[in-house]
Amino acid sequence: MTDIKAVVRVEHPDIVLTETVTHAPDSSVRSVSEAGTDPTSGRFFYHIESPDFQQFEDGLQNDSTIGEFERVIETRDNEAIYSFEYTDEAKILSPVISSANGVILDMENDGSAWILTIWMPERTALAHLWDYAQENDIDIDLLRVNEYASLGNTDAGLTDSQREALLVALETGYFEEPRNATLSDVAADLDISQPAASGLLRRGIRRLIISSLRDDDGPPN
């Protein structure tokens with residue numbers, strides 16, 4: 001079996017945060033890895049770059065896909081981390097991808113559209129996403145796809161511990177939305193502490209992203 005990393009562009013007014021970025025077109029939105037967050041909180045974290053946070057928050061107030069929101073911290077001028085709660089009206093693609101045993105590695109806006117970087121266990125698993133998009137009138141385009149050896153057989157710069165943690169998390173449903181397993185469950189299966197499990201997942205995801213980008217741009221020096 002050959003893993004893939006696919007980059008897709010999706011667009012629909014009900015995809016989460018679309019109304020907000022349409023209202024604040026100069027804002028850049030990017031998902032933040034949730035490996036260490038509380039899976040029961042229902043809060044989702046994004047890195048926001050905006051020249052006008054008030055305009056961005058005005059958009060949030062009128063965004064039918066967003067319930068509660070909070071500016072958690074301003075990391076530097078014009079940059080901040082926000083947390084959001086989604087409403088039932090939001091179209092969320094991660095559960096569809098999770099049902100095919102895939103993982104969203106990155107999500108960022110491209111105007112009012114969204115660029116998703118997805119890891120899938122095999123190319124045919126992308127059919128689940130395309131079926132969902134067609135059923136829900138979501139515009140979707142495949143921008144790029146790269147094939148890799150199976151996650152279980154390739155290092156991608158991963159340590160054995162990182163690979164094991166990622167596979168356990170994937171198999172137990174930790175990456176699904178809503179999650180079918182907590183960080184505590186993953187840690188228990190690995191017989192390590194929760195902070196240790198969180199660290200392995202964060203570092204493992206980072207290594208997968210770095211490896212994928214290298215493959216996109218050419219062999220590493």
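Brief remarks follow.
- For GLU122, residues with placed amide H under 5 Å, excluding near neighbours: ILE4
- ³J(HN,Hα) computed for each position of segment 163-175 - Karplus, 6.51 cos²θ - 1.76 cosθ + 1.60, integer Hz, glycine/proline x: 4, 4, 5, 5, 5, 5, 4, 5, 5, 7, x, 5, 8
- Computed from backbone phi with θ = phi - 60° and the Karplus coefficients 6.51, -1.76 and 1.60, the 3J(HN,Hα) list for segment 123-129 is 4, 5, 5, 4, 4, 4, 5 Hz; x is used for glycine and proline.
- Between GLU135 and ASP77, the contour length at 0.36 nm per residue exceeds the Cα-Cα span by 16.8 nm.
- Scalar couplings 3J(HN,Hα) for segment 80-92, obtained by applying the Karplus form with A = 6.51, B = -1.76, C = 1.60 to θ = phi - 60°, are 7, 9, 10, 10, 10, 10, 8, 9, 5, 7, 6, 8, 10 Hz; x denotes Gly and Pro.
- Ranking ASP58, ASP191 from most to least accessible surface, computed with a 1.4 Å probe over the protein chains only, gives ASP191, ASP58.
- With all protein chains in place and a 1.4 Å probe, the accessible surface of segment 15-122 carries 40 percent carbon and sulfur.
The values are calculated or read from the model by the stated rules, or taken from the named source; none is laboratory data. Source: prediction; values computed, not measured. Ligands, DNA and RNA are stripped out before the accessible areas are found, and what is left, the full protein with its side chains, is counted by its heavy atoms. Shrake-Rupley method; radii C 1.70, N 1.55, O 1.52, S 1.80 Å.
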